[in-house]
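Working notes, structure below.
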Amino acid sequence: MYKILRVFTLFFFVPTFLFAKVTPEEGSALNYRIIGFSFPDKPGAVKYKLQIATGSCSSETSFQKNIIVTVSSNQNKIVAEVPAFGEQYTWRVTFEDSHSKFTNSELSHFSTMTCPDVDKDSVRLRITHAPEKYKDHYVFVDGNKVLYDMMGNPVWFFPKIENRKPGSIHLRDLHATRFGTITCIVNGRLYEMNYNGEILWQGPDNPDIPMDTMAADRGYHHEFIRLPNGHYMAMGFEQPYWRLPAPPDSSIYVYWPDKIMRDGHNNYYQKMFFSTILEYDEQGKIVWKWKDSDYFKTSDIATRMIGTLFDVNDTHANAFYFDPKTQDIFISYREICRIIQIHYPDHSVLHTYGKLHKPTNHVDRHLLNGLFCGQHSCKVSSDGYLYMFNNNICHRNSRPTILMLKQPPTGKDTLEKVWEYECPLDEPGEPQSGVFSYGGNVSELPDSAFFVCMGGLYGKLLIVNRDKKVLWSGQPEKWDGNTHGWIKDGVMIDNKMKEGSYRASIITKTELASVIWNEQQKQ
């Protein structure tokens, strides 16, 4: 009995640091080069020294000969970078106590995986303007599925989270959250994951479209965020049908065969694509919802007719922004060049920005002459201005712009332009019209500069300040085996748009560390 009690007592008082988590785990394969090393906090230690060697070393001699990284710290968590993907590495920690005595941990091993997305001979972010003050930042590029440093070096690639071939992954809105996680939309589905690619939260199926009718997993699209209260907000598809008062004439039916439905009683319907904004709690339950079909059925859009058909079958919601200060939501609609401001949570429409339409007045959006056209990514700046990436597709001889607008007082819908920046082109032969620019986004940085993704055929990323000075820029490119040259992200090949970047996001070194450790950032 004494022996048993003695063994139990020894086990109970074994220092808890021996059971602390060690990362990266022995033999792990990582999809990143910037790595969080954690190890037991040894009693009496005042300093820790991390050493990393190339190769899978099994002896002290081979380890010492191949050390490439040495980092010292007074904490038992260290972030360090290894030089390459597709390599093996060995690491250990040296503990130093207050008497300058040293103890080495055992050798541990890991490897970095690789994939075509981080093969610099196939895909790259070519830096066209080196960073001036943003050297410790990183950018997620959704088209490339990669996180880059500001010199264009890939440091993380999107892990395999669905059982699909790499070329069939359609990735949108990839960015880090304040909760130390990464959110994205993959093939129309919502995901939140950690740095390693482990799924932390997956959105439920879109309740407004039956799964058996969703083309290409068309459940959610464009925008997915984590709200400050911990809930999730996403843009989803809704596909109701509007009853037509009479069968469409044959010419319209031929022109729009995919927009007409007919039931067994010879009643005709026009297929209309609308969108919803849904708020989910952490359990995946809908706690709030906005249906733009309810708004449009009673708005001026219902007056836009060609015969018995509405002249727009897809208002094409492409962005929303939740303003935590005012609890307002701004929603962007590309095809009707409109932004709607609604109040959360009561659904009231506060403002409608964009050209309104009169009965029987068919308007070609490419002929509109408003402040913005085909816009993406509307947000509110720190000083209260509405700003957006204005694709500018109505003005065929112009390029996309970053547009900043003063919001009107309550009861008025007139915006005032206070600042505009025309996005630059660097090379001869680049498209001279915004009509080629789809997608894109813009976000304000803490110093009031703007981080911009031009999207589409342009593809370019840049940082520009309020004095319109470019502080950094880069061009996503892919190697084309047919032409044996580099082509821009989203270029046209054989009259077809090559899949390119749609959005990009930027994070600081501190924010990346919070993602690595999966810790909520202090606000």
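The values are calculated or read from the model by the stated rules, or taken from the named source; none is laboratory data. Small disclaimer: the values here were computed from a predicted structure and weren't measured. No Cβ is skipped: glycine too gets one built from the backbone with ideal geometry, and neighbour counts run over all protein chains shown.
Hey, among the residues in region 484-523 that are polar (S, T, N, Q) and at pLDDT below 85, which one's surrounded by the most Cβ atoms within 10 Å (Cβ to Cβ)?
Residue satisfying both the conditions and the ranking: Ser501.
Would you be able to tell me the number of residues in region 113-137 that are buried (at least 22 other Cβ atoms within 10 Å of the Cβ) and either among the charged types (D, E, K, R) or over 16 Å from Val452 (Cβ atoms) (or both)?
Of the residues in region 113-137, 3 are buried (at least 22 other Cβ atoms within 10 Å of the Cβ) and either among the charged types (D, E, K, R) or over 16 Å from Val452 (Cβ atoms) (or both).
When you look at His351, is it touching an Asp or Glu at 6+ places or on another chain (Cβ under 6 Å), farther than 22 Å from Phe237 by Cα and modelled with pLDDT of 85 or more, yes or no?
So His351 passes the test.
Is it the case that some residue within region 420-433 is at pLDDT 95 or above and farther than 17 Å from Asp489 by Cβ?
Within region 420-433, one or more residues are at pLDDT 95 or above and farther than 17 Å from Asp489 by Cβ.
Return yes when Ser38 is within 14 Å of His109 (Cβ to Cβ) and among the hydroxyl-bearing types (Ser, Thr, Tyr) and no when it is not.
Taking the combined requirement at face value, the residue does not satisfy it.
Quick one: Glu81 ticks every box in (1) modelled with pLDDT of 95 or more; (2) charged (D, E, K, R); (3) surrounded by 15 or more Cβ atoms within 10 Å (Cβ to Cβ) bar one, so which box is it?
Every listed condition holds for Glu81 apart from (3).
Between Leu457, Leu415, Leu445, Leu461, which is buried (at least 20 other Cβ atoms within 10 Å of the Cβ), at pLDDT 90 or above and aliphatic (A, V, I, L, M)?
Step by step, each of Leu457, Leu415, Leu445, Leu461 is checked, and only Leu461 is buried (at least 20 other Cβ atoms within 10 Å of the Cβ), at pLDDT 90 or above and aliphatic (A, V, I, L, M).
Which condition number does Asn361 fail, the rest of (1) more than 23 Å from the chain's Cα centre (by Cα); (2) surrounded by 13 or more Cβ atoms within 10 Å (Cβ to Cβ); (3) at pLDDT below 95 being met?
Among (1) more than 23 Å from the chain's Cα centre (by Cα); (2) surrounded by 13 or more Cβ atoms within 10 Å (Cβ to Cβ); (3) at pLDDT below 95, the lone unmet condition for Asn361 is (2).
Quick check: anything in region 150-158 in a strand (DSSP E or B), of a type in the set (Val, Ile, Thr) and either at negative phi or at pLDDT below 95 (or both)?
Yes, region 150-158 contains at least one residue that is in a strand (DSSP E or B), of a type in the set (Val, Ile, Thr) and either at negative phi or at pLDDT below 95 (or both).
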